[in-house]
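Derivation of every value follows stated rules applied to the coordinates shown; laboratory data play no part. These figures come from a predicted structure and were not determined experimentally. Neighbour counts run over all protein chains shown; Cβ positions are idealised from the backbone, glycine included.
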Amino acid sequence: MNGELLFLDGQTGSAANMDKLRRARAHLRKGENRKAQTLALEVLESAPLDADALSVFAVSTYNLRDVPMATAVFEEALLLDPANTGAHYYYGFLLERLGKRQEAAEHFQKCVELQPDFPEAYIHLGDIAGARRDVQGAHDAYGAALARLPECDENCFQRGYLFSRLERHEEAMESFRRAIALHIHEAASHSGVGCVLSSLGRDGEALEHFQRAAVLEPGDPNFHYNSGLSSLRLKKYQDSVDCFVRALELDTILWNPVMDNMPRLVSQAPPELVRYLLDKLEKICPLRSEPPFFRAMLMVREGADPETVLPCVEESLKRDPGMVQALHLKGNLLRDAGRYVDALGCFDAMLSQSKDASLAHYGRATVLALLGRDDDALKALEEVSHRDRNLLNQAREDAAFRNLLTNPVFCGLVQPRKISIKAVTVSCK
């Protein structure tokens, strides 16, 4: 629920080592990762096979952004002690952050097998199920977590998070506000209130809470991202861009969520602001394929001719030859430039990745129709009809198919336009 790992309390080894690990965990809770790492190393000098010490060391190492080292240490800890619940939990957290959801879920599942009353593990299982669009699985996991989380002051933040996930908005707000009043995860609780308000369409109020969270913990990228998202919904484009840039400067793990919002910025924000953002993105992640792709999209928005736009798309595909969105845009640009054979090559490349790519089938249909290959165009449209009826129905308005408008097969595939006739009352005097 936040960007850093904390730690579960545990007991291990000699009294001296137990005291060092207790102090190390206290440092972790304060965000003092270097001190926690040093204490864990002191324990490992005298007890190199201490799985708990290895786990504390791995947690602090992860928080210090050394992911490869943290991964190796977690794996070693679990080899030494396969039943170490804490190691499974934090290794699962790390894997989830790296996008390895299936592996993460296996470790969280192992947690609840070893310790059935482990609400935090259920919370992450719910998050993973939600990311997979498994609504029922997420609901069940969050419900299981809530049942194992007693109602008390120290749990009010986590209960608020669960209530929000279960869309029990009033209870979520009450729990988060209680946490704020008690200064328990205060920044995250402000963000929690903001998320609930945003889900209710109250982004103006939500933004105030996201901004408050960012002031309390300016190093957490999630609060800046949330501020940017609400600002975007409020059409505060400059604020949105500034927040997204700040979030990515803190942690590029938010790259994909920011990219999800780029189409809206490209289509709605002032072009100069979009160019400023794209320049920033190139500096933050120089080799990513998205910046040149969205630069091309912006040029299309501004009415640039296809040949002028194509170099940006080519750069995007140079960085990621399989980027489907770039292949689709390139195909459309080549078609509009009259380079029909090359356009077909782009759409075929899309289909080589997935035979169900309805946009590729539609793109092929437009090119084939423009080439006068009516039967082949109709076969491609039939493929679209099996996959995306809404896309297919655009064909009637597409200039590429003007010569097919009276074709019986085309008319059978594409729904006719609905014409509404209003009754007119005529008054006779």
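This ranking places Val112, Val300, Val313, Val324 by how few other beta-carbon atoms lie within 10 Å of each, fewest first, which gives Val324, Val300, Val112, Val313. Normalised radius of gyration (Cα atoms, divided by 2.2 N^0.38 Å) for the range 263-315: 1.06. Projecting the Cα atoms of Leu200, Leu166, Val241 onto the charge dipole of the range 152-251, computed from C-beta unit charges around the Cα centre, puts Leu200 farthest toward the positive end. Coordinate range of the alpha-carbon atoms in the range 178-315 per principal axis, descending: 60, 28, 19 Å.
How large is the charge dipole for the chain, taken about the Cα centre, if only the Cβ atoms of Lys, Arg (+1) and Asp, Glu (-1) carry charge, to the nearest 20 debye?
1600
Taking max minus min of the alpha-carbon positions on each principal axis, the range 152-251 gives extents of 40, 26, 19 Å, largest first. Here the gap between Leu287 and Arg389, fully extended at 0.36 nm per residue and compared with their Cα-Cα distance, gives a gain of 33.1 nm. For the chain, take the longest principal axis of its alpha carbons; what is the angle in degrees between that and the long axis of helix 306-319, to the nearest 10 within 0 to 90? Relative to the chain, helix 306-319 is tipped by roughly 30 degrees. Of the GluC sites (Glu not before Pro) in the range 80-165, the ones in a loop by DSSP (not H, G, I, E or B) with at most 15 other beta carbons within 10 Å are Glu151.
Using DSSP to define loop residues, name the GluC sites (Glu not before Pro) in the range 16-72 whose beta-carbon has at most 14 other beta-carbon atoms within 10 Å.
On the way: sites: Glu32, Glu42, Glu45; in loops: Glu32.
Here no loop site has a sparse enough neighbourhood.
Rounded to the nearest 20 debye, the dipole size of the range 152-251 about its Cα centre is 280 debye, using +1 on the Cβ of Lys and Arg and -1 on the Cβ of Asp and Glu.
Gyration tensor over the Cα atoms of the chain: the corresponding equivalent ellipsoid has semi-axes (square roots of 5 times the eigenvalues, largest first) of 50, 27, 22 Å.
Restrict the search to the range 246-314; then list the GluC sites (Glu not before Pro) that DSSP places in a loop and that have at most 16 other Cβ atoms within 10 Å of their Cβ.
On the way: sites: Glu249, Glu272, Glu282, Glu302, Glu307, Glu314; in loops: Glu302.
Passing both the DSSP loop test and the Cβ count: Glu302.
Using each residue's phi in the range 48-61, evaluate 6.51 cos²θ - 1.76 cosθ + 1.60 at θ = phi - 60° and report the 3J(HN,Hα) Karplus result to the nearest Hz, with x for Gly and Pro. Working through the residues one at a time gives x, 9, 6, 5, 5, 5, 4, 5, 4, 4, 5, 4, 5, 5 Hz.
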